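Enquirer: Structure below; questions to follow.
Derivation of every value follows stated rules applied to the coordinates shown; laboratory data play no part. Keep in mind the model is a prediction, meaning the values are calculated, not measured. Note: ideal-geometry Cβ built from the backbone for every residue, glycine included; neighbour counts use all protein chains shown.
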Amino acid sequence: MKVLSILTLGVGLTVGLAGCGAPAANNATNGTNAMKSNTANTMANNAAPASNAATAPASTDPIVGGAPMSKTKDIIDNAVNSKDHTTLVAAVKAAGLVETLKGTGPFTVFAPVNAAFDKLPKGTVDTLLKPESKKALTGILTYHVVAGKQDAASIVKAIEEGKGKATFKTVAGGTLTATLEGKDVILTDEKGGKSKVTIADVMQSNGVIHVVDSVLMPK
């Protein structure tokens, strides 16, 4: 009887120990799987921003006349792509100023759109584009150009420092007067005509263009 009791106790202990060992093994396996899952999730989450960064769109160049204006191109190479500046480009070519405005500069150009030229008296543009009008045309075009790079911030600063008014000497030798009307920069020519800057700070490789809505006229 004692032998039987000892055997029974031994079997019970063996079964009990085996039963206790199984959960430990399962817990270890579950813990390992959980660590693997967490590690995979962490790697996936860390990788997501890199993927988003890779597919994020690059910054775009400003659009003028339906075309992007690249900072790596010069004033002429950008202007010829703008459908709003075909008259200006034709005038620049007629005046023989292409190579000048493709130079190193830097230049600040107040560029009238086609509609600005349309405001001039009928027949004015056709007359200016004739070979015999080259001198007059050159004078008008260079009146829209200021030596150096004058961005919008520097123009506004000059206006503020001038107590509401700033003057800029043009390549033609005349002066343009800049003022503010609200947030708009207004240019006044030597004949009293006014032109508003509609698109500012179109950066070029050799300067900056400010699009204006009227043609500026020297004396």
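Enquirer: Collect residues whose amide H, placed 1.01 Å from N in the peptide plane, falls under 5 Å from the amide H of Ala111; neighbours closer than 5 in sequence don't count.
Expert: Here His210, Val211, Val212 satisfy the definition.
Enquirer: To the nearest 20 Debye, how big is the dipole of the stretch 63-212 about its Cα centre, given +1 on the beta carbon of each Lys and Arg and -1 on that of each Asp and Glu?
Expert: Computed charge dipole of the stretch 63-212: roughly 160 debye.
Enquirer: Still on this structure, please answer the following. How about the stretch 92-141: which trypsin sites (Lys or Arg not before Pro) there are in a DSSP loop, with at most 10 other Cβ atoms within 10 Å of their Cβ?
Expert: Taking the stretch 92-141 and a limit of 10 other Cβ atoms within 10 Å, the loop trypsin sites (Lys or Arg not before Pro) found are Lys122.
Enquirer: Taking amide H positions as placed 1.01 Å from N in the peptide plane, with prolines and chain starts having none, which residues 5 or more places from Asn206, or on another chain, fall under 5 Å of its amide H?
Expert: For Asn206, the qualifying residues are Ile75.
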